[in-house]
Structure formats: C-alpha cells, structure tokens
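Data block below; observations after.
The values are calculated or read from the model by the stated rules, or taken from the named source; none is laboratory data. Quick caveat, the model's predicted, so the values are computed rather than measured. Here Cβ is always computed from backbone atoms with ideal geometry, including for glycine, and neighbour counts include all displayed protein chains.
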Amino acid sequence: MPAYFEMSLQFQRSELYPDFIRDFDAALDRAGLTFLSGCRWDGFPPRGEISAWNQRKLEENFVLGMDEPYSHDCRQSLYRFGGYSEVRGFWTNQHPVEDAFTYFLIIPESEVVDEGDHTIFLPDKAEQLRELAEKLWQFPLVRSIQTGLELSDPPLSLAELRKGQSPDASPFAIVEPDCHPYDDGSRAIELTRGRPGLLLLDNEELSGPVIEVPFGGPLRLEERGGR
C-alpha cells in the first residue's frame with residue numbers, strides 16, 4: 001500500500017443519531033466528493049448498503065477485535081475528486097478516544113506533495129484540499145478536521161484541542177472557535193461565513209493583526225469567509 005495523505009473529521013459519540021450517516025453522505029456530495037463504489041474486499045456493495053452497515057456499527061459502538069475478520073468492520077467507500085487516482089473514505093470508532101469516532105479521507109501522498117521533497121505540499125493541491133475541508137466543516141457535527149502525511153502525528157482528541165494543544169495540521173486544520181492552540185508558527189484564520197471555525201495553516205510567514213489567545217503566545221488572525 002502506498003503512503004497516503006489523510007484528512008480526519010472527528011465527531012462526538014453523544015451526537016450520533018439514527019440518520020447520521022445518511023446526512024453525512026449528503027454533506028460529502030455537497031462538498032464535491034462523487035461516490036464511485038464500495039471497496040473490492042467488501043464485495044463492492046452499493047452506497048445504501050454501506051451507509052446502513054456503518055450506521056449500525058457506530059450505533060453498536062463496534063470495535064474490531066484483534067483476531068476478528070476484517071469483514072465485520074465498517075465498510076469503506078471510493079470517491080472521485082480532484083483528478084486523484086484514489087480517494088478512499090472510512091470510519092474508525094473510538095479513535096483517538098472512546099467518546100469519539102472519526103471519518104478518514106485518504107489520497108496517495110505522492111499526488112499532493114513535491115516530488116523532490118515529500119514534506120512540501122504542492123500549492124494548488126493544498127488549496128484544493130483546504131477548500132474541500134471548509135465545505136465539509138459546514139456539516140454541523142464535525143468537531144475538528146486535521147490533516148497529515150504518512151509519518152505525521154495522529155490526530156489529537158477534542159479534549160486535547162480544547163486544552164490548547166496544536167492539532168495535526170499538515171498542511172492545515174480546522175477547529176471550533178473555542179479551541180485556541182498554543183502559538184506554534186501556524187497562521188490562524190477566522191472562518192466567518194457559514195459555520196464559524198478557526199482555520200490553522202502551516203505557514204511560517206504570518207500576516208494579519210495580532211490577537212491574544214488564552215493559551216500560550218499570540219497568534220496572528222485573518223478573517224476569511226467560508227465556502
């Protein structure tokens with residue numbers, strides 16, 4: 001399996017409801033992710049079957065056992081987006097903590113980073129993925145969006161984010177307005193159109209007015225309308 005870029009969307013278990021997966025699927029559609037099929041190892045199930053299966057697994061708080069067949073786990077989906085060779089989406093439960101579940105979108109890492117330096121994102125790809133994240137942020141129950149490469153740190157829990165720890169942001173993250181991370185050199189942009197949020201960019205060249213935050217040093221804040 002090649003190295004993948006990942007975008008993780010975290011949700012609180014207490015906010016799961018009977019039509020959650022159906023509504024989230026509609027949010028994926030609105031964001032521009034076109035469903036293609038289920039995955040080969042699941043037998044290419046149709047979308048409705050995938051959604052019903054995953055809804056049931058999340059409601060049961062299912063966690064795959066160490067010796068349990070993979071076919072018992074949540075089912076994955078393939079999407080068309082942005083001309084990438086593969087865009088795959090899947091749910092993980094109790095990741096990184098028991099009171100949360102997470103949706104991951106993964107794309108081959110080689111298609112989003114510089115060929116000569118795999119720590120540098122191609123500007124057009126970073127912008128395209130950021131725009132996707134801002135659209136997905138409009139689904140009201142997303143509590144964080146974090147990004148990373150194959151060797152990045154795992155996404156932080158919501159409790160850690162609300163204590164001021166910096167999210168996994170390679171190259172960006174979106175957190176709720178009350179999550180003010182320590183100043184780590186990221187640029188903070190306030191999303192004001194649509195659902196409020198704080199967009200953090202991995203960018204050492206800060207611009208915009210300085211604001212004080214409750215934890216750590218100052219961040220520089222820009223205002224941007226969400227899409």
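For this structure, a couple of remarks:
- Note on the stretch 59-79: among residues that are assigned to a loop (DSSP other than H, G, I, E, B) and hydrophobic (A, V, I, L, M, F, W, C), the one that is surrounded by the most Cβ atoms within 10 Å (Cβ to Cβ) is C74.
- Filtered by the rule that a residue be surrounded by fewer than 17 Cβ atoms within 10 Å (Cβ to Cβ) and in a helix (DSSP H, G or I), the stretch 118-127 gives P123, D124, E127.
- Enumeration of residues in the stretch 45-58 that are touching a Gly at 6+ places or on another chain (Cβ under 9 Å) and loosely packed, with under 13 Cβ neighbours inside 10 Å: P46
- Residue in the stretch 27-43 that is touching a Phe, Trp or Tyr at 6+ places or on another chain (Cβ under 7 Å), without any contact (Cβ under 8 Å) to a residue 24 or more places away in the chain, closer than 21 Å to W137 by Cα and not charged (D, E, K, R) present: no
- Criterion violated by C179 - all others in (1) closer than 29 Å to I21 by Cβ; (2) touching a residue at least 40 places away in the same chain (Cβ under 8 Å) satisfied: (2)
- If you filter the stretch 80-92 down to residues that are of a type in the set (F, W, Y) and not in a loop (DSSP other than H, G, I, E, B), you find that the one that is farthest from P45 (Cα to Cα) is W91.
- Residue match in the stretch 130-147 (condition: over 22 Å from G83 (Cβ atoms) and either part of a helix (DSSP H, G or I) or without any contact (Cβ under 8 Å) to a residue 60 or more places away in the chain (or both)): yes
- Being over 19 Å from the mean Cα position of the chain (by Cα) and in a helix (DSSP H, G or I) is a condition met by no residue of the stretch 15-35.
- Hey, P167 buried (at least 21 other Cβ atoms within 10 Å of the Cβ) and touching a strand residue (DSSP E or B) at 6+ places or on another chain (Cβ under 7 Å) or not: yes
- Scanning the stretch 164-178 for residues that are within 16 Å of the chain's Cα centre (by Cα) and part of a loop (DSSP other than H, G, I, E, B), we see that the one that is modelled with the lowest pLDDT is S166.
- Residue that is surrounded by the fewest Cβ atoms within 10 Å (Cβ to Cβ) [pool: residues in the stretch 93-117 that are of a type in the set (A, V, I, L, M) and part of a loop (DSSP other than H, G, I, E, B)]: V97
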